[in-house]
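Have a look at the structure below before the remarks.
All of the numbers you see were taken from the coordinates with simple rules; none came from a lab. From a predicted model like this one, the values you see are computed outputs, not experimental measurements. Cβ atoms come from the backbone with ideal geometry, glycine included; neighbour counts cover every protein chain shown.
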Amino acid sequence: MKPLADCRVVIVGLGLMGGSLAGALRGRCRTVVGLARREETIAQARRLELIDEGTTDEEVALDGADIVVFATPVRTIVAQLRELADRLPSGSLVMDLGSTKSEILRAMDGLPSGIEPLGTHPMCGKETSGVAEAEVDLYRGCSFILCPLDRTSDAALTLGRALVEAVGATPLVLDGARQDRLVATLSHLPYLLACALVQTADATTSDDPAAWTIVAGGYRDTSRVAGSDVRMMLDILMTNRDAVLRSADVFRDRFDRLVGMIEAEAEDALAEILTYSREERRRMYR
């Protein structure tokens, strides 16, 4: 496969993630092409200097592509992989930025034999969306999960690693099922918890005008991801349903245990668990 510097890279979808990737890759490959549904998105990406070329025409965008990166919501990626399968150039590397991998990898496995598939998931993002929110340094310093298929060649994986490293991220190779299990707890469950916290605050404090005057960092930090794009999160939750439900069951058990200790005034036992939690949190972020 060509070295990254000689590649024509097509980014399908120019939202926060796709726009940020496009901007980060500019100057590190031959050409960065943006493919979006709306001309306004292409025009904005040009104004922000995120792309070298842009179009709403799939055939024009994919012609001569060396790398194609799908940066749309998960279920849209699955549909696009099937719809565009026959338009993907033979020998091209096909990647994605979806947060769940199982369904995407199944769709990738159905691509024509000349295509090199590589599932990926960058562990970064913001609770905002759209090309206007794109940041060329968004991927810098993050872990970027790579999920090769059995059919993915060593050369394709090497090129995928090169792309990840070019945007300042650290590649981490994982099996797709393993990545889905891990992110269910470390990424998807926190979104549900944030949404539940916002609903709780609304139910218990919205009638008191002092609530938003005294709100502190703990609430802001814990509820932040509730502001994420709803369509994107629906796709994530529905395509990683089993793993999310397993994590939610464990959370319910731990939360009910803490509440039970407060009800029973079991202060010593509660202090032990709180101390353990504090030390585990510190150990994780040393």
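Annotations for the structure displayed:
- Restricted to helices (runs of 4 or more DSSP H) entirely inside the range 192-264, those with at least 1 residues that are aliphatic (A, V, I, L, M) are 211-214, 230-239, 241-263.
- Residue match in the range 101-115 (condition: among the acidic types (D, E) and surrounded by fewer than 20 Cβ atoms within 10 Å (Cβ to Cβ)): yes
- Residues (more than 22 Å from the chain's Cα centre (by Cα), within 24 Å of L118 (Cα to Cα) and in a helix (DSSP H, G or I)) located in the range 1-55: L4, A5, D6
- Within the range 194-216, residues that are closer than 14 Å to A226 by Cβ reach partners that are of a type in the set (S, T, N, Q) and surrounded by 11 or more Cβ atoms within 10 Å (Cβ to Cβ) with beta carbons closer than 8 Å, at six or more positions or on different chains, in the pairs A194/T222; A194/S223; L197/T222; L197/S223; V198/S223; A201/S223.
- Considering the range 68-95, and only residues there that are out of contact with any helix residue (DSSP H, G or I) (no Cβ under 7 Å at 6 or more places or on another chain) and aliphatic (A, V, I, L, M), the residue that is surrounded by the fewest Cβ atoms within 10 Å (Cβ to Cβ) turns out to be A79.
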